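Encoded as structure tokens, the structure appears first; notes follow it.
The values are calculated or read from the model by the stated rules, or taken from the named source; none is laboratory data. Here the structure is a predicted model, which means the values were calculated and not measured. As a convention, Cβ positions derive from the backbone with ideal geometry for all residues, glycine included, and neighbour counts pool all protein chains shown. These accessible areas exclude ligands, DNA and RNA; they are computed on the full protein's heavy atoms, side chains included. Shrake-Rupley method; radii C 1.70, N 1.55, O 1.52, S 1.80 Å.
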Amino acid sequence: MRVALPYDNGNIFAHFGKAEAFVLYDINGASYTSSIISAEGHSHHKLAPFLKDKGVDAVICGGMGQGMVNALSACGIRIYGGNNGSCEEAVKAFIQNGLEERVESCHCHDH
């Protein structure tokens, strides 16, 4: 399974649609490897197909607007929202089934 998190210096970047980088975690059982990729200038509505093309199955993030929720869902990408802090700690919680699939809608950017 491949999980993507919007990345900012080791932490979950707060504005998913404006993330300049993502950390990808390839998870195999209890182990994982990670790599950081550039968003390659993709933002907002272009991010969902970009992440799908990278083989992403799920995202761990804070909140996002309904348009992004719809785009990720249309690409079959699951959303684990309402998270912040360390990317590595979030993925460890995910592996241990400590995160639930949910969407935290963001209403602070006129979404």
Checklist entry - What is the set of long-range amide H partners of V59 at a cut-off below 5 Å, with H atoms built 1.01 Å from backbone N? => result A4, R78, I79, Y80
Next on the checklist: Just the number please: accessible area per residue for the stretch 1-63, 1.4 Å probe, all protein chains included, in Å².
Outcome noted: 48 Å²
Checklist entry - What does the highest-first list of 26-38, 53-65, 80-92 look like by mean Cβ count within 10 Å? => result 53-65, 80-92, 26-38
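Below 8 Å, C-alpha to C-alpha, sequence gap of six or more: please give me the relative contact order for the chain in percent.
Relative CO of the chain lands at 28 percent.
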Next on the checklist: Placing +1 on the Cβ of each Lys and Arg and -1 on the Cβ of each Asp and Glu in the chain, which of A19, S43, S73 has its Cα farthest towards the positive end of the resulting dipole?
Outcome noted: S73
Checklist outcome for this item: If each part is reduced to its alpha-carbon centroid, the stretch 40-67 and the stretch 74-96 end up apart, in Å, by 13 Å
Next on the checklist: Skipping prolines and chain starts, which residues have an amide H placed within reach, meaning under 5 Å, of the one on K54, given they are 5 or more residues away or on another chain?
Outcome noted: none
Next on the checklist: Viscosity 1.002 mPa s, temperature 20 °C: what is the translational diffusion coefficient of the chain from Stokes-Einstein with a Kirkwood Rh over Cα pairs, rounded to a whole number of µm²/s?
Outcome noted: 158 µm²/s
Item to check | Solvent-accessible area, 1.4 Å probe, carbon plus sulfur percent, for the chain | outcome: 44 percent
Checklist entry - What length, rounded to one decimal in nm, is gained on full extension from I37 through to S73, with 0.36 nm per residue of separation minus their alpha-carbon distance? => result 10.8 nm
Checklist entry - Taking N as the number of residues in the stretch 12-67, what is its Cα Rg relative to 2.2 N^0.38 Å? => result 1.14
Item to check | Full-extension gain in nm, H45 to D8, via 0.36 nm per residue minus C-alpha separation | outcome: 11.3 nm
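Treating the beta-carbon of each Lys and Arg as +1 and of each Asp and Glu as -1, no other charges, what is the dipole magnitude of the stretch 13-111 about its Cα centre, to the nearest 20 debye?
Details: 7 positive and 11 negative charges, 28 e Å.
So the magnitude is around 140 debye.
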